Amino acid sequence: MLGSLLLQACKMRGITLAKACELANIKYSTLHSQISNLRPIPFDTIDKFCAALNLPIRLFSQAKLSITIQPISSRSALPNLTSAQVSEIAGLSNEIGTDDVLDWLLIHDNRLVDHEWLLDRVDLFHPVRPRDTALRPHKIGTESLATKFFRLSNNTDYNSAMRDFEGEALGEIINAHIEAATKRYVVSEQSIDQLIGGTRISGTYRRLIAPVTDLNNQKFTLVFSKLTQFTRR
């Protein structure tokens, strides 16, 4: 998780990890190896990193991924973060974006490790089998977009909601899972306009689908969606 935080901080500062290491007088190859191989990152490294990028070290004391920081200006020193800004960052850290999930996938090579911060925001499905006519949910996230869209409370509710989908729309979802199984991930812009449980639901969202493997080498399909526009009629 610390590795993900470091990468996110670099991204929001508008610099590369290599440049951050140069500013912090940290050996880039060592830190890069620690992040890539999920090895512990020493406190001294985090301390130097925070000093160089002018970040409060307590941002790294909890497993939070979304950090909003002003980019580095080429004409001025790094700005200090006020107490109010730090509080705002802490609040925003609960918001997870598509890039956060992509960073996690790349760092962990699509394996379900170090993912507690993410688990409630995604849906996990069993891989689609030949002749499947419906998805088989393993775990629907309590805070996922599907749960909010369709007011779900469990996997059974998900199956019930999917039965209201028109054949063409459901076929597209199944085919998207099949396609993603052959790639590292697939990100696409999607729209929905369906009558679900007697309510017309319309909106647009960004969808990330990726094949993942747990520590027991069991395969799943992970879905993360981020709302871009929503209208409930």
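The values are calculated or read from the model by the stated rules, or taken from the named source; none is laboratory data. Nothing here was measured: the structure is a model prediction, and the numbers come from that model. Note: ideal-geometry Cβ built from the backbone for every residue, glycine included; neighbour counts use all protein chains shown.
Below are the figures for this structure:
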read-out: One residue from ARG131, ARG163 being in the same structural domain as THR221 (by TED's automatic domain parsing), on the phi > 0 side of the Ramachandran plot and either of a type in the set (Lys, Arg) or touching a residue at least 24 places away in the same chain (Cβ under 8 Å) (or both); value: ARG131
read-out: Residue that is farthest from VAL223 (Cα to Cα) [pool: residues in segment 98-143 that are of a type in the set (S, T, N, Q) and out of contact with any helix residue (DSSP H, G or I) (no Cβ under 6 Å at 6 or more places or on another chain)]; value: THR133
read-out: Failed condition for ALA210, given (1) within 26 Å of ASP114 (Cα to Cα); (2) of a type in the set (A, V, I, L, M, F, W, C); (3) modelled with pLDDT under 90; value: (3)
read-out: Selection count, segment 134-144, where residues are touching a residue at least 60 places away in the same chain (Cβ under 8 Å) and either assigned to a loop (DSSP other than H, G, I, E, B) or among the acidic types (Asp, Glu) (or both); value: 1
read-out: So LEU38, is it at pLDDT 85 or above and either within 30 Å of ALA161 (Cβ to Cβ) or not charged (D, E, K, R) (or both); value: no
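One line per residue, one yes/no per condition, for (1) farther than 19 Å from LEU215 by Cα; (2) at pLDDT 85 or above; (3) touching a strand residue (DSSP E or B) at 6+ places or on another chain (Cβ under 9 Å):
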{"position": "SER73", "(1), (2), (3)": "yes, no, no"}
{"position": "PRO79", "(1), (2), (3)": "yes, no, no"}
{"position": "THR82", "(1), (2), (3)": "yes, no, no"}
{"position": "ALA90", "(1), (2), (3)": "yes, no, no"}
{"position": "VAL101", "(1), (2), (3)": "no, yes, yes"}
{"position": "ASN110", "(1), (2), (3)": "no, yes, yes"}
{"position": "PRO130", "(1), (2), (3)": "yes, yes, no"}
{"position": "PHE149", "(1), (2), (3)": "yes, no, yes"}
{"position": "ASN155", "(1), (2), (3)": "yes, no, yes"}
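Here's the yes/no breakdown for (1) surrounded by fewer than 15 Cβ atoms within 10 Å (Cβ to Cβ); (2) β-branched (Val, Ile, Thr); (3) under 21 Å from ASP193 (Cα atoms):
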position	(1), (2), (3)
VAL101	no, yes, no
LEU105	no, no, no
LEU124	no, no, no
ARG129	yes, no, no
THR133	yes, yes, yes
LYS148	yes, no, yes
ASN159	no, no, yes
MET162	no, no, yes
ILE173	no, yes, yes
